[in-house]
Amino acid sequence: MNRPAAQHKRVAYPAYKPSGMDWVGDIPEHWEIHRLKHVASVQFSSVDKHTVEGEEPVRLCNYVDVYYNDFIAAGIEFMSASATQSEIARFQLCRGDVLVTKDSESWDDIAVPSYVAEKLDGVLCGYHLAHIRPHPCKLLGEYLFRAFRSRGINDQFRVATNGITRFGLGKYWLDNGLFPVPPLDEQRAIAAFLDRETARIDALIEKKRRQIELLQEKRSALISHAVTKGLDPNAPMKDSGIEWLGEIPKHWEVKAIRRIARTVKTGGTPSGAEEMHFDENGFNWYTPRDFHDDVFLTESFRKLSDIGKGEVKIFPAMTVMMIGIGATIGKVALSREPSSCNQQINAIVCNSEMTPTFLTYYLKIMRAYIYRCGKFTTLPIINQEDTKALIITCPPLPEQAAIVSVLDREAERTGALISMVQMSIEKLREYRTALISAAVTGKIDVRTVPTSRQEEAL
């Protein structure tokens, strides 16, 4: 019977020595510590995204390609650009190269690595990236890529960044970064071991992500049925007159939001957005980044000071807030207490005919429709007048309350299950990170772990 390699007993190396690096600790006695410049060539790319007349057409591996892909391969849709012959000679990608991010809006995104897994003719390393080519007699790219993934090793680059709103890693610090370097055969064994193990962990994570998707789909289906068909399966039905809505209970009404709202307003931002307008202990001021999948909004990321509060619209508790622009258009949530929002959000204050929580649940199932209703320039937009025109179902208030009660219970149950799965995913990610660090710093001897063929024979 097959067993995951993770279940095999792991052992340490026979003897260790101090690495001289606090963030690495002891390393196997026969390993060495090298500065990156002594075992690889490091270049910062100068090739930008522009196409210049007279230059050669190329494809460019950019920051996002590295940030979102562990392995750079032909399946990635590289952007078109141009480069000089000199740039092509210097920055052409070869199998075994390692690319890392050197600039970012967050220090935590510095030195994120990717491994060039195959030959890519005409693909160059783009701007904002470091292009690293290991010396093949000393260092393997597949090992170096994993070493960059070790938090202990990577932290030396993160602390070396400079900047306030944007962070950058200087070439000096990358050149002089310290790495544990085992013999080439061990580098190869470590890379192979981590390829197998991380693939298995990633497969488990993907299964759990799918579990979350299925739970979310089930919850959405329940919400959709409850707010459009009601809770009584025997209720007489009628044609709603709305193609996508279909039949609804005979005694329900269909109304535009303007008929069930006291007001629909767009939020705003204090003039100049100066620091005096904000206070970390102040008044909730919601922006799209504060919206998740929950029914209710929690505390906002940024809060208004008394001065800032005086420059914006204040909405009462139980205001339905819906994002009206951009990729998250149609995302909706409910404020529990008086609050404000920025101009990207349409705030709906219900009248006595509509329960705010029912409206929130209803709008959640309308997100795709809202996106289609949006006006497009560079971004989809749905303004307050468009929001007022949206058509909703309007059951009697007692039915609205009953539906909300059922959906709240389901939301709590499903939310708890999703949280459990998310915790499991986080533990797997933590284990993945720890395993990589243990292997590339010599805390475990992967030479003792059976290969896939050996495992099959067990």
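Taking segment 256-284, which residues are of a type outside the set (G, A, S), touching a helix residue (DSSP H, G or I) at 6+ places or on another chain (Cβ under 8 Å) and more than 14 Å from V320 (Cα to Cα)?
Of the residues in segment 256-284, the ones of a type outside the set (G, A, S) are 257-260, 262-266, 269-270, 274-281, 283-284.
Filter once more, keeping what is touching a helix residue (DSSP H, G or I) at 6+ places or on another chain (Cβ under 8 Å): 257-258, 260, 264-266, 270, 276-279, 283.
Matches in segment 256-284: P270, M276, H277, F278, D279, F283.
Of the residues that sit in segment 129-181 and are small (G, A, S) and more than 24 Å from the chain's Cα centre (by Cα), which one is surrounded by the fewest Cβ atoms within 10 Å (Cβ to Cβ)?
Looking only at segment 129-181, we keep the residues that are small (G, A, S), and these are 130, 141, 147, 150, 152, 160, 163, 168, 170, 177.
Then keep just the ones that are more than 24 Å from the chain's Cα centre (by Cα); that gives 141, 160, 170, 177.
Working: G141: 24, A160: 19, G170: 14, G177: 23.
Within segment 129-181, the match that is surrounded by the fewest Cβ atoms within 10 Å (Cβ to Cβ) is G170.
Being of a type in the set (A, V, I, L, M) and either closer than 29 Å to D26 by Cα or touching an Asp or Glu at 6+ places or on another chain (Cβ under 8 Å) (or both) is the filter here; which residues of segment 128-174 pass it?
Residues of segment 128-174 that are of a type in the set (A, V, I, L, M), as a first pass: 129-130, 132, 139-140, 144, 147, 153, 159-160, 164, 169, 174.
Correct list: A130, I132, L139, L140, L144, A147, I153, V159, A160, L169, L174.
Can you pull out the residues in segment 337-348 that are under 23 Å from R259 (Cβ atoms) and surrounded by fewer than 17 Cβ atoms within 10 Å (Cβ to Cβ)?
None - no residue of segment 337-348 is under 23 Å from R259 (Cβ atoms) and surrounded by fewer than 17 Cβ atoms within 10 Å (Cβ to Cβ), so the list stays empty.
Which residue pairs have Cβ atoms under 7 Å apart, sit 6 or more places apart or on different chains, and have a first residue in segment 377-394 that is farther than 18 Å from T228 by Cα and a second that is in a helix (DSSP H, G or I) and modelled with pLDDT under 90?
Listed pairs, sorted by first residue: P380/Y371; I382/I370; I382/C373; D386/C373.
Mind checking which residues of segment 111-127 are touching an Asp or Glu at 6+ places or on another chain (Cβ under 8 Å) and farther than 15 Å from N69 by Cβ?
Once the filter is applied, which keeps residues that are touching an Asp or Glu at 6+ places or on another chain (Cβ under 8 Å) and farther than 15 Å from N69 by Cβ, segment 111-127 yields L124, Y127.
Just checking, does segment 272-285 include any residue being part of a loop (DSSP other than H, G, I, E, B), of a type outside the set (D, E) and out of contact with any Phe, Trp or Tyr (no Cβ under 6 Å at 6 or more places or on another chain)?
Looking only at segment 272-285, we keep the residues that are part of a loop (DSSP other than H, G, I, E, B), and these are 274.
Keeping just the survivors that are of a type outside the set (D, E) gives none.
For segment 272-285, residues part of a loop (DSSP other than H, G, I, E, B), of a type outside the set (D, E) and out of contact with any Phe, Trp or Tyr (no Cβ under 6 Å at 6 or more places or on another chain): absent.
Go through (1) over 17 Å from S340 (Cα atoms); (2) among the small types (G, A, S); (3) in contact (Cβ under 8 Å) with a residue 60 or more places away in the chain; (4) assigned to a loop (DSSP other than H, G, I, E, B) one by one and return the number of the condition G268 breaks.
The single condition G268 does not satisfy is (1).
If we scan segment 77-97, do we find a residue that is outside any loop (DSSP other than H, G, I, E, B), within 23 Å of the chain's Cα centre (by Cα) and buried (at least 21 other Cβ atoms within 10 Å of the Cβ)? Reasoning before the result, please.
Our first condition is that a residue be outside any loop (DSSP other than H, G, I, E, B); within segment 77-97, this holds for 79-83, 85-92.
If we keep only those that are within 23 Å of the chain's Cα centre (by Cα) too, we end up with 79.
Narrowing the set further to residues that are buried (at least 21 other Cβ atoms within 10 Å of the Cβ) leaves none.
Checking segment 77-97: not a single residue is outside any loop (DSSP other than H, G, I, E, B), within 23 Å of the chain's Cα centre (by Cα) and buried (at least 21 other Cβ atoms within 10 Å of the Cβ).
Could you pull out the residue among T393, T357 that is part of a helix (DSSP H, G or I) and polar (S, T, N, Q)?
T357
I'd like to check something: does segment 216-233 contain any residue that is more than 30 Å from T319 (Cα to Cα) and either part of a helix (DSSP H, G or I) or out of contact with any Phe, Trp or Tyr (no Cβ under 8 Å at 6 or more places or on another chain) (or both)? Reasoning before the result, please.
Residues of segment 216-233 that are more than 30 Å from T319 (Cα to Cα), as a first pass: 233.
From what's left, either part of a helix (DSSP H, G or I) or out of contact with any Phe, Trp or Tyr (no Cβ under 8 Å at 6 or more places or on another chain) (or both): 233.
The answer is yes, given that some residue of segment 216-233 is more than 30 Å from T319 (Cα to Cα) and either part of a helix (DSSP H, G or I) or out of contact with any Phe, Trp or Tyr (no Cβ under 8 Å at 6 or more places or on another chain) (or both).
If I filter segment 350-365 for residues that are buried (at least 17 other Cβ atoms within 10 Å of the Cβ), among the polar types (S, T, N, Q) and over 27 Å from the mean Cα position of the chain (by Cα), do I get at least one hit?
yes
The values are calculated or read from the model by the stated rules, or taken from the named source; none is laboratory data. What you see is a predicted model, and the numbers here were worked out from it, not measured in a lab. Neighbour counts run over all protein chains shown; Cβ positions are idealised from the backbone, glycine included.
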